[in-house]
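Asks: Can you read through this structure? Questions will come right after.
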Amino acid sequence: LEAVKKLKPEIPMVMISGHGDLDTAVNTMRLGACDYISKPPDLNRLLNTVRNALDRKELVVENSRLKNTVGKNIEMVGESEAISRIKDIIEKVAPTDARVLITGPNGTGKELVAHWLHQK
């Protein structure tokens with residue numbers, strides 16, 4: 001499961017096991033499985049799980065495609081001291097889970113900063 005998730009994260013994985021207990025199911029889901037089903041599988045649940053996994057795959061692929069499309073159009077240009085300071089702050093904050101409040105007058109590029117922050 002871990003190896004497949006590293007190679008192809010968009011592939012939905014459904015784990016089926018004859019040794020089903022709660023700890024195994026929770027661990028499997030933490031590792032990235034869409035669902036965990038104990039043997040013998042209920043065919044209705046299996047069908048719904050496969051449908052949901054395929055729907056999820058479509059959403060993940062579309063989300064990735066849209067991020068790449070949108071991300072290519074957004075770029076901060078300029079080499080002034082103010083722009084360099086903003087770029088440095090974005091580089092520091094982007095990898096964290098911190099909340100960011102972007103303020104400034106109309107037309108100063110708040111939306112551009114927000115997009116760049118999300119892109120990073």
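The values are calculated or read from the model by the stated rules, or taken from the named source; none is laboratory data. Note that the structure is a prediction, hence the values are computed from the model and not measured. Note that each Cβ is placed from the backbone with ideal geometry, even for glycine, and that neighbours are counted across all protein chains shown. These accessible areas exclude ligands, DNA and RNA; they are computed on the full protein's heavy atoms, side chains included. Shrake-Rupley method; radii C 1.70, N 1.55, O 1.52, S 1.80 Å.
Asks: Kindly indicate the residue of the stretch 24-53 that is within 15 Å of LYS5 (Cβ to Cβ) and charged (D, E, K, R) and also farthest from the chain's Cα centre (by Cα) among those meeting that condition.
Replies: ASP35
Asks: Which one of the conditions (1) under 30 Å from LYS110 (Cα atoms); (2) open to solvent by 50 Å² or more (accessible area, probe 1.4 Å) does ILE83 fail to meet, given that it meets all the rest?
Replies: Checking ILE83 against (1) under 30 Å from LYS110 (Cα atoms); (2) open to solvent by 50 Å² or more (accessible area, probe 1.4 Å), the one that fails is (2).
Asks: Here's a follow-up. For the stretch 11-24, which residues satisfy the criterion of being farther than 18 Å from ASN52 by Cβ and surrounded by 11 or more Cβ atoms within 10 Å (Cβ to Cβ)?
Replies: Selection gives SER17, GLY20, THR24.
Asks: Under 6 Å between Cβ atoms, which residue pairs at least 6 apart in sequence (or on different chains) link something in the stretch 93-110 that is within 20 Å of ILE83 (Cβ to Cβ) with a partner that is part of a loop (DSSP other than H, G, I, E, B) and of a type in the set (D, E, K, R)?
Replies: ALA94/LYS120
Asks: Is there any pair with a first residue in the stretch 36-52 that is over 18 Å from VAL26 (Cα atoms) and a second that is of a type outside the set (Val, Ile, Thr) and part of a loop (DSSP other than H, G, I, E, B) whose Cβ atoms are under 9 Å apart and which are 6 or more apart or on different chains, and what are they?
Replies: PRO40/GLY18; VAL50/PRO12; ASN52/PRO12; ASN52/CYS34
Asks: Give the residue, chosen from ARG56, ARG30, that is of a type outside the set (A, V, I, L, M, F, W, C), touching a Pro at 6+ places or on another chain (Cβ under 7 Å) and under 14 Å from PRO12 (Cα atoms). Working first, answer last.
Replies: On the way: ARG30 fails: touching a Pro at 6+ places or on another chain (Cβ under 7 Å).
Every option except ARG56 fails the conditions.
Listed here are the residues, each with its yes/no results for (1) modelled with pLDDT of 85 or more; (2) open to solvent by 90 Å² or more (accessible area, probe 1.4 Å); (3) touching a Lys or Arg at 6+ places or on another chain (Cβ under 9 Å).
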{"residue": "LEU1", "(1), (2), (3)": "yes, no, no"}
{"residue": "PRO9", "(1), (2), (3)": "no, no, no"}
{"residue": "VAL26", "(1), (2), (3)": "yes, no, no"}
{"residue": "MET29", "(1), (2), (3)": "yes, no, no"}
{"residue": "LYS39", "(1), (2), (3)": "yes, yes, no"}
{"residue": "ASN48", "(1), (2), (3)": "yes, no, no"}
{"residue": "GLU62", "(1), (2), (3)": "yes, no, no"}
{"residue": "ASN73", "(1), (2), (3)": "no, yes, no"}
{"residue": "GLU79", "(1), (2), (3)": "yes, yes, no"}
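Asks: Assuming VAL77 fulfils every condition listed in (1) β-branched (Val, Ile, Thr); (2) in a helix (DSSP H, G or I); (3) farther than 17 Å from GLU2 by Cβ apart from one, which condition is it?
Replies: Just one mismatch for VAL77, condition (2).
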